Amino acid sequence: MKATSVFEAGNHRWWIIYDQNEDRVIDSNVYVMESNEQSILLDPGGFEIFPQVFAAMVEVVQPSTLQAAFVSHQDPDIASSLPLWNACNSNIQWHMPKLWEGFIRHYGALDANFVGIPDEGGELVIGGRKLEFIPAHYLHSSANFHVYDPEAKVFFSGDVGAALLPSGHSAWVELRDSDSSKAFDDHIQHAKFFHQRWMPSKEAKKDWISRVNQLDIDFLCPQHGAIYVGENVQRFLSWFDALDIGTAISR
């Protein structure tokens, strides 16, 4: 795994830590935002990949700067590494859906500092930068949130936008100097099955798209796959809006 820069303006930075290789667990992206020597970890990943994620993170951010971590929902690929991170830095505040606090405790670290996010969302300030917790309930979990950085125009979208890509993929849906529309068409074929099987609610999808369309987004960053940049953000939102999803969809 390696850390790659997503956004940088002065001391305000975002990184993606991602796996390019095939292995026995589903590839997961971990994100880090740093501002004024404080940082937050977003969906820190599963127990199995903790050593690789930690080694990649310390190349760009010191663990002592971690003030907080965000957990979008309860899945093991999201947060089963929580006890290991807590052992490294017990001062981390863990922000997660309030509904899932008691379930996530089953991963361990009963002394960890949990902060439940109410269903309507909320805000958090890290190093002077405001982050917004955006409701994304039933996409795919019944209590689920995404994170928006209005200054960097970075939107962490959790499982929305995810794609199951072959090994060796880029961190980006397209290279900056490539034909972005063709790259999007090639990429989105790897996202269709994921969204049709893991996203159960058309009503939740419509509500989410309505919320997100009101935001100014340059980088849409999913927890699996590659980052949508520039015009591909709206391409993805339009594609997802038109996609038939729900429990009756099968392969």
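Read-outs: derived from the displayed coordinates by stated rules, not from any lab. As the structure is a prediction and not an experimental result, all values here were calculated from the model. We place every Cβ from the backbone using ideal geometry, glycine too, and count neighbours over all the protein chains shown.
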In whole Å, what is the distance between the alpha-carbon centres of the range 23-75 and the range 142-160?
15
For the range 42-160, give me the percentage of DSSP beta bridges that are antiparallel, rounded to the nearest 5 percent.
55
Taking the Cα of Arg105, stepping 7 Å toward and past its beta carbon, and measuring to each backbone N in the range 76-98: which are under 16 Å?
83, 94-98
How long is the gain from Glu37 to Ser170 if the chain were fully straight, where each residue apart is worth 0.36 nm and the alpha carbon distance is subtracted?
45.1 nm
Sites removed, the longest contiguous part of the chain containing no DSSP-loop GluC sites (Glu not before Pro) with at most 12 other Cβ within 10 Å is 121-251
Mind checking Rg over Rh on the range 1-140, alpha carbons, Kirkwood formula for Rh?
0.93
Would the chain count as rounded, prolate or oblate if I go by the C-alpha gyration tensor, calling it rounded below 1.5 in a/c and otherwise prolate when a/b exceeds b/c, oblate otherwise?
rounded
So if we plug the beta-carbon distance of Lys182 and Arg211 into 1/(1 + (r/R0)^6) with R0 = 35 Å, what FRET efficiency do we get, rounded to 0.05?
0.75
Positive minus negative residues near Asn29 (Lys, Arg vs Asp, Glu; Cβ under 13 Å)
-4
Classify the range 154-229: rounded, prolate or oblate, from the alpha-carbon gyration tensor (a ≥ b ≥ c, eigenvalue square roots; a/c under 1.5 rounded; otherwise prolate if a/b is larger than b/c)?
oblate
For the pair Val115 and Ser64, what calculated FRET efficiency results from E = 1/(1 + (r/R0)^6), where r is the Cβ-Cβ distance and R0 = 22 Å, to the nearest 0.05?
0.65
For the range 75-218, what does the equivalent ellipsoid look like in terms of its semi-axes, each the square root of 5 times an eigenvalue of the Cα gyration tensor, given largest first in whole Å?
28, 18, 18
Determine ³J(HN,Hα), in whole Hz, for all residues of the range 134-150 in sequence, where each value follows from phi through the Karplus function 6.51 cos²θ - 1.76 cosθ + 1.60 and θ = phi - 60°; x replaces Gly and Pro.
9, x, 9, 5, 6, 10, 10, 8, 5, 10, 8, 9, 10, 10, 10, 10, x
Cα to Cα, under 13 Å, and not fewer than 8 places away if on the same chain: which aspartates and glutamates meet these conditions relative to Lys130?
Glu34, Asp149, Glu151
Straight-line reach check, Lys153, cutoff 14 Å on alpha carbons, 8 or more apart in-chain or any other chain, hits among aspartates and glutamates -> Glu8, Glu132, Asp216, Asp218, Glu231
